[in-house]
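Report on one structure; see the data block that follows.
The values are calculated or read from the model by the stated rules, or taken from the named source; none is laboratory data. Treat the numbers as computed from the prediction; the structure is a model and nothing was measured. Please note: Cβ atoms are built from the backbone with ideal geometry, for glycine as well, and neighbour counts cover all protein chains shown. The accessibility values were calculated without ligands, DNA or RNA, using every heavy atom of the protein model including side chains. Shrake-Rupley method; radii C 1.70, N 1.55, O 1.52, S 1.80 Å.
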Amino acid sequence: MIRFLWLTLGLLSLAIGLIGAVVPLVPTVPLMLLAAFFFAKSSERLHNWLITHPRFGMAIQDWQDHRAISKRAKIAASISIAIAFLFSLIIGLPVKLLAIQAITLIAVSIFIWTRPNS
């Protein structure tokens, strides 16, 4: 039963991550990392497929082995963060929400940029 739950969560993470590959501002790699975690607990075949995937495998391996993020991914994340905040400014979110968003996005940026480069 637990293995089925892990598998379901892995497939859900994978599906949302794949959507994120084509929809801006939906995080792809974090969801693929989550899917790899769930698949490691439920399906060796899916786990191996994901960590050897030509598009996502290297980022997953870098994270699992070294807790590293590629410089290209850091730049892409930073651009996405800036676009998200700019969009919030353009649509005129209340100042309180902008402050919360700014603090959160700054914290995420600090986390991303303090990880080693892969």
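Can you pull out every residue in segment 53-67 that is free of Cβ contacts under 8 Å to residues at least 24 places away in the same chain and either in contact with a helix residue (DSSP H, G or I) (Cβ under 7 Å, 6 or more places away or on another chain) or within 16 Å of GLY10 (Cα to Cα) (or both)? HIS53, GLY57, GLN61 - these are the residues of segment 53-67 that are free of Cβ contacts under 8 Å to residues at least 24 places away in the same chain and either in contact with a helix residue (DSSP H, G or I) (Cβ under 7 Å, 6 or more places away or on another chain) or within 16 Å of GLY10 (Cα to Cα) (or both).
So LYS41 ticks every box in (1) closer than 20 Å to LEU18 by Cα; (2) of a type outside the set (Asp, Glu); (3) out of contact with any Pro (no Cβ under 8 Å at 6 or more places or on another chain) but one. Which box is left unticked? That leaves (1) as the condition not met.
Scanning segment 33-65 for residues that are within 20 Å of ARG3 (Cβ to Cβ) and of a type in the set (A, V, I, L, M, F, W, C) yields LEU33, LEU34, ALA35, ALA36, PHE37, PHE38, PHE39, ALA40, LEU46, TRP49, LEU50, ILE51.
Within segment 68-90, the set of residues being in contact (Cβ under 8 Å) with a residue 12 or more places away in the chain, β-branched (Val, Ile, Thr) and open to solvent by 80 Å² or more (accessible area, probe 1.4 Å) comprises ILE83 only.
Inspect all residues belonging to segment 19-36 and state whether any of them is loosely packed, with under 11 Cβ neighbours inside 10 Å, assigned to a helix (DSSP H, G or I), at pLDDT below 95 and out of contact with any helix residue (DSSP H, G or I) (no Cβ under 7 Å at 6 or more places or on another chain). If you could, list the steps in order and put the result at the bottom.
To start, the set of residues in segment 19-36 that are loosely packed, with under 11 Cβ neighbours inside 10 Å comprises 22-25.
From the residues that got through so far, the ones that are assigned to a helix (DSSP H, G or I) too are none.
Looking for residues that are loosely packed, with under 11 Cβ neighbours inside 10 Å, assigned to a helix (DSSP H, G or I), at pLDDT below 95 and out of contact with any helix residue (DSSP H, G or I) (no Cβ under 7 Å at 6 or more places or on another chain), one finds none in segment 19-36, hence no.
Can you name every one of the helices (runs of 4 or more DSSP H) wholly within segment 56-118 that holds 1 or more residues which are among the hydroxyl-bearing types (Ser, Thr, Tyr)?
On the way: elements: 57-66, 71-90, 95-114.
Filter on segment 56-118 gives 71-90, 95-114.
Would a scan of segment 38-55 turn up a residue that is touching a Ser or Thr at 6+ places or on another chain (Cβ under 9 Å), open to solvent by 80 Å² or more (accessible area, probe 1.4 Å) and among the β-branched types (Val, Ile, Thr)? There is no residue in segment 38-55 that is touching a Ser or Thr at 6+ places or on another chain (Cβ under 9 Å), open to solvent by 80 Å² or more (accessible area, probe 1.4 Å) and among the β-branched types (Val, Ile, Thr).
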